[in-house]
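The values are calculated or read from the model by the stated rules, or taken from the named source; none is laboratory data. Computed from a predicted model, the values in this text were never measured in an experiment. Note: ideal-geometry Cβ built from the backbone for every residue, glycine included; neighbour counts use all protein chains shown. Note: areas computed on protein heavy atoms with side chains; ligands, DNA, RNA excluded. Shrake-Rupley method; radii C 1.70, N 1.55, O 1.52, S 1.80 Å.
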Amino acid sequence: MTDSVPTLAADLTSALTATTPGSRASGSTGPSAARTDGPARVVIDLDLPGATISRHLYGHFAEHLGRCIYGGFYVGEDSEIPNTRGIRDDVVEALRALHIPNLRWPGGCFADDYHWRDGIGPREDRPRMVNSHWGDIVEDNSFGTHEFMDLVELLGTEAYVNGNVGSGTVAEMSDWIEYLTRADDSPMASLRRENGRDEPWTVPFFGIGNEAWGCGGNMRAEDYAALARQYATYVRDHGGNRVTRIAAGANVDDYAWTEALMRAATNLERRDGAAGPYQAISLHYYTMTGPWEDKGDATDFSDEEWYLTLSRAARAEELVARHATVMDHYDPHKKVGLVFDEWGTWWNVEPGTNPGFLYQQNTVRDALVAGIHFDGFHRHADRLLMANIAQTVNVLQAMILTDPESGALVLTPTYHVFAMNAAHQDARALAAHVLLPEEVTEVDGRPLPRVSASASLREEEDAALVSLSNLDASAPRTLVLDLRGREVTGHEATVLTGASTAAHNTPEQPDAVAPAPLTDVREHERGLEITLPPHSFATVRLQLGE
Ligand code: AHR
């Protein structure tokens, strides 16, 4: 994979390989549970807040893929579906309710085929291109830079623009950031004005290519690291715009890739003190139960596949912890952020749909996959700068599904997890220790406690939010929230579940899986006693005494 031997990554890999079955590798920090003789408990010290959970951990991703952009976000001005300059009003309304902090665009693999100049100017004059990764269809470029930035403004979110390294040029990337963010009469700012936008936009995040080890150019780590330094140099800060440049990071457990990027990231201190030449490194990992050829069915799965899925979702946290260990070695003060900008479930496409469009249903299982990811993200808030679920509308683990014929919009169970967890954004992480009376069994070589939890504190509101997942497919779980350090003066609990693990929402049954008040909550000498239904996700908002 690399020409030189990356010692730290090699050491880490051999340490993990040497781990005996049933034990946990040192440095491995996936979800865990201690044993207790008493009832199941989640112990939280409300007066010991840790790192701030960046709101950007709740980020999103919209690629020119299947019906994500076209038919999902964008229907065109002539559509019968209510829209603003072609962007669906109902999609915007639903996503505004989530307070989505950032949106990554235009890919994904598509980004390294995309030439931004093809997507500006009068639509009828825009050249066409082949979207070779996703369905081999012809893209008419009717949704381009101005349409994306319009969407960003309608959503009230921030732009994460992903540039093209694989088939683009340094000059093209340099011009794009100038076009987007420069205020004066520079060539690119003038061109933007000719196309109808006077004021520069704000672009806080810029991706230096995508999956450079694969669809982004099939590069070796050191070769890409050299290119990333070069390209990132020309993604300039124009005027007051400050860009976080995100180098295309590792696939799953390729620690050598992260190490190569960390080596190349150091010894280049920018004048303003930010680490350089890129300030963050990405990571991609998808949850699936089978191999690429047969990733598993979105709605038809056994209990065995249920637990396998949840264990594989829990792997995301191990990956974050281990990549962070590599990063810590080179960057102990955590100047370089880890950006988990593609995560989520990847199932076989729905029968009868284009295999290149990655359209899949979304069940209670997907909701718990999201819950597990967020619990892990909260625990690693000190290194994780951003995370982006793939993808927002009609692709992979989507928030929103739209019907291609009727246009009807459905909110998925995953959408509801994002909504229920929204108050974790920019709150401070609280450790949530899970204690269970039963022995934790392994699934897929990984201990999988049947309860997952995390918590955070909003100091300015004297409030805390606790997220709880009952991962048991069929049994309810009663547990005690053991709340220490602050007085709890009120609580409000919400639960998300369905009639089965595979329950999901459709235009005919849009609320088969929808949040509801959780009433099975009782005062307890240690805090609160709660009963969670089987296969459920819940949040408890705690009001704290001053
Ligand atoms: O999200 C779908 C695809 O998965 C992205 O385009 C690519 O980056 C990844 O392989």
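Once the dipole of the chain is set up with Lys and Arg at +1 and Asp and Glu at -1 on Cβ about the Cα centre, which of Pro355, Ala431, Met386 lies farthest towards its positive end?
Ala431
Step through the residues of the stretch 232-241 one at a time and calculate ³J(HN,Hα) from phi using the Karplus curve (6.51 cos²θ - 1.76 cosθ + 1.60, θ = phi - 60°), rounding each to whole Hz and writing x for Gly and Pro.
Per residue, the Karplus-derived 3J(HN,Hα) values read 4, 4, 9, 8, 8, 7, 9, x, x, 6 Hz.
Rounded to the nearest 5, what is the percent of antiparallel bridges among the DSSP beta bridges in the chain?
For the chain, the DSSP antiparallel bridge percentage is about 60.
Name all residues of the stretch 372-404 having a backbone nitrogen under 13 Å from the label point set 7 Å from the Cα of Lys334 along its Cα→Cβ direction, giving them as ranges.
377-386
By how many nm would the segment from Asp426 to Thr519 grow when fully extended, if each residue of separation counts as 0.36 nm and the alpha-carbon distance is taken off?
Numbers: separation 93, 0.36 × 93 = 33.48 nm, distance 2.79 nm.
Going from the current span to full extension adds 30.7 nm.
Whole angstrom only: what separates the Cα centroid of the stretch 486-546 from the Cα centroid of the stretch 149-184?
The distance from the Cα centre of the stretch 486-546 to that of the stretch 149-184 comes to 40 Å.
Convert each backbone phi in the stretch 94-110 into a coupling constant with the Karplus relation 6.51 cos²θ - 1.76 cosθ + 1.60 (shift: θ = phi - 60°), then list the ³J(HN,Hα) values in order as whole Hz, x for Gly and Pro.
Going residue by residue, I get 5, 6, 4, 5, 8, 6, 5, x, 7, 9, 8, 6, x, x, x, 3, 4 Hz, with x marking Gly and Pro.
Can you give the charge dipole size of the stretch 55-115 about its Cα centre, rounded to the nearest 20 debye, using +1 on the beta carbon of Lys and Arg and -1 on the beta carbon of Asp and Glu? Walk me through the numbers before you get to the answer.
Working: 6 positive and 9 negative charges, 66 e Å.
Using Cβ point charges on Lys, Arg, Asp and Glu, the stretch 55-115 gives about 320 debye.
Using only the heavy atoms of the protein chains and a 1.4 Å probe, how would Glu487, Glu317 rank by accessible area, largest first? Present the calculation step by step, with values, prior to reporting the outcome.
Numbers: Glu487 125, Glu317 10 Å².
Highest to lowest solvent-accessible surface, that is Glu487, Glu317.
Could you calculate the FRET efficiency of Ala171 with Arg484 from 1/(1 + (r/R0)^6), where r is the beta carbon distance between them and R0 is 60 Å, rounded to 0.05?
Values: r = 58 Å, r/R0 = 0.97.
About 0.55, to the nearest 0.05.
Could you pull out every Cys in the chain that lacks a partner Cys with its beta carbon under 4.7 Å away?
Taking the Cβ cut-off of 4.7 Å, the unpaired cysteines of the chain are Cys68.
Which whole-number value in Å² is the accessible area per residue of the chain, probe 1.4 Å?
On the way: 20540 Å² over 546 residues.
Accessible surface, normalised per residue, equals 38 Å².
Could you give P(r) for the chain, binned at 10 Å from zero, as whole percent values over all Cα-Cα pairs?
Taking all Cα pairs of the chain, the binned fractions are 4, 18, 29, 27, 16, 5, 1, 0 percent.
Treating only the Cβ of Lys, Arg, Asp and Glu as charged (+1, +1, -1, -1), what charge dipole size does the chain show about its Cα centre? Round to the nearest 20 debye.
Numbers: 44 positive and 80 negative charges, 258 e Å.
Approximately 1240 debye in magnitude.
What is the distance, in nm, between label points placed 7 Å from the Cα along the Cα-to-Cβ direction at Glu199 and at Glu492?
3.3 nm
State the percentage of accessible surface on the chain attributable to carbon and sulfur atoms; use a 1.4 Å probe and exclude ligands, DNA and RNA. Provide the component values of the computation, followed by the final result.
Details: 10060 of 20540 Å².
Carbon plus sulfur share of accessible area: 49 percent.
Label points 7 Å out from Cα along the Cβ direction at Ala408 and Asp47: separation in nm?
Result for the modelled spin labels: 5.4 nm.
I'd like the FRET efficiency for Ser132 and Glu153, computed as 1/(1 + (r/R0)^6) with the beta carbon distance as r and R0 of 30 Å, rounded to 0.05. Don't jump to the answer; show the numbers that get you there.
Numbers: r = 31 Å, r/R0 = 1.02.
Computed FRET efficiency for Ser132 and Glu153: 0.45.
In nm, what is the difference between 0.36 nm times the number of residues separating Ser302 and Glu546 and their Cα-Cα distance? The partial results should precede the final answer.
On the way: separation 244, 0.36 × 244 = 87.84 nm, distance 4.76 nm.
That works out to 83.1 nm of additional length.
Treat every Asp and Glu Cβ in the stretch 341-471 as -1 and every Lys and Arg Cβ as +1, leave all other atoms uncharged, and give the resulting dipole magnitude about the Cα centre to the nearest 20 debye. Don't skip to the end; give the middle numbers.
Working: 7 positive and 17 negative charges, 29 e Å.
Computed about the Cα centre, the dipole is about 140 debye.
Which listed residue (Ala221, Leu310, Val417) has the Cα farthest towards the positive end of the charge dipole for the stretch 55-424, taking +1 on Lys and Arg C-beta and -1 on Asp and Glu C-beta about the Cα centre?
Of the options given, the answer is Ala221.
Given the C-alpha centroids of the stretch 279-340 and the stretch 462-479, what is the distance between them in whole angstrom?
That distance is 22 Å.
How much of Arg236 can a 1.4 Å solvent probe reach, expressed as accessible area in Å² and rounded to 10?
About 110 Å², ignoring ligands and nucleic acids.
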